[in-house]
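Colleague: Mind looking over this structure? Questions follow.
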Amino acid sequence: MKHHQRVALMALQIGKLYGLNQGQLENLFSAAIMHDAGSSTWEEKARLTKFYFLETSNHCIKGYELFKDHPLFGAVADIILYHHDRWDGKNNRSGLKFREIPIESRIIHLADRVDVQLRDENYILEQSKNVCLNINNEKGKLFDPQLVEAFNDLARGNVSG
């Protein structure tokens, strides 16, 4: 139930390490805390908890529609729209790939896929090896390679405050 909070906190840490400015970090946090707002059915929510799933654009489009004209959240609508776009562009309805995808969207995608692998019933440190392996196996495919490296630094604890 705390998926969005965990994704937002992970995304912020990755964003800071990657060197995002304060405005980008604020937009990143706002988008991450609301990234699945367009998911409206329990079936859709259940599909999103699988590490690999094919159809992602429905809830992204709905989330974009919810926020695009909002006076406070309009700035994050595009981030939400692209937050499941693959780094390599394969199967992206948007047609975007690589650095064309907003950096904040790429970070949320990575943090989101980390979080869906975590199980509350298992001690988190016992899960880290498998989570890191899955993320690294998708480096350059699902995920931006530089962001995976930032994630690896965080996962190893090689980052100072």
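The values are calculated or read from the model by the stated rules, or taken from the named source; none is laboratory data. Because the structure is a prediction, the values reported are computed rather than measured. Cβ placement follows ideal geometry from the backbone for every residue including glycine, while neighbour counts extend to all protein chains displayed.
Colleague: Regarding R86, is this residue of a type in the set (K, R), surrounded by 14 or more Cβ atoms within 10 Å (Cβ to Cβ), modelled with pLDDT under 95 and part of a loop (DSSP other than H, G, I, E, B)? Outline the logic, then answer.
Modeller: Working: of a type in the set (K, R): yes; surrounded by 14 or more Cβ atoms within 10 Å (Cβ to Cβ): yes; modelled with pLDDT under 95: yes; part of a loop (DSSP other than H, G, I, E, B): yes.
Considered against the rule, which asks whether it is of a type in the set (K, R), surrounded by 14 or more Cβ atoms within 10 Å (Cβ to Cβ), modelled with pLDDT under 95 and part of a loop (DSSP other than H, G, I, E, B), R86 comes out as yes.
Colleague: I'm told Q127 meets every condition in (1) in a loop (DSSP other than H, G, I, E, B); (2) modelled with pLDDT under 85; (3) touching a Lys or Arg at 6+ places or on another chain (Cβ under 9 Å) except one. Can you identify the failing condition by its number?
Modeller: Just one mismatch for Q127, condition (1).
Colleague: Quick check on my filter: what residues within the range 65-83 are surrounded by fewer than 16 Cβ atoms within 10 Å (Cβ to Cβ), assigned to a helix (DSSP H, G or I) and among the acidic types (D, E)?
Modeller: Once the filter is applied, which keeps residues that are surrounded by fewer than 16 Cβ atoms within 10 Å (Cβ to Cβ), assigned to a helix (DSSP H, G or I) and among the acidic types (D, E), the range 65-83 yields only E65.
Colleague: Here's another thing I want to ask about it. If a residue must be surrounded by 10 or more Cβ atoms within 10 Å (Cβ to Cβ) and either modelled with pLDDT under 70 or acidic (D, E) (or both), how many such residues does the range 111-121 contain?
Modeller: 2
Colleague: Select from the range 1-36 the residues that are surrounded by 18 or more Cβ atoms within 10 Å (Cβ to Cβ) and modelled with pLDDT under 85 and list them in ascending order.
Modeller: Residue satisfying the conditions is D36 alone.
Colleague: Further question: For residues that are at pLDDT 65 or above and closer than 19 Å to K97 by Cα, scanning just the range 54-75, find the one that is nearest to the chain's Cα centre (by Cα).
Modeller: C60
Colleague: Shifting gears a bit: From the residues in the range 37-49 that are hydrophobic (A, V, I, L, M, F, W, C) and within 18 Å of I61 (Cβ to Cβ), which one is modelled with the lowest pLDDT?
Modeller: L48
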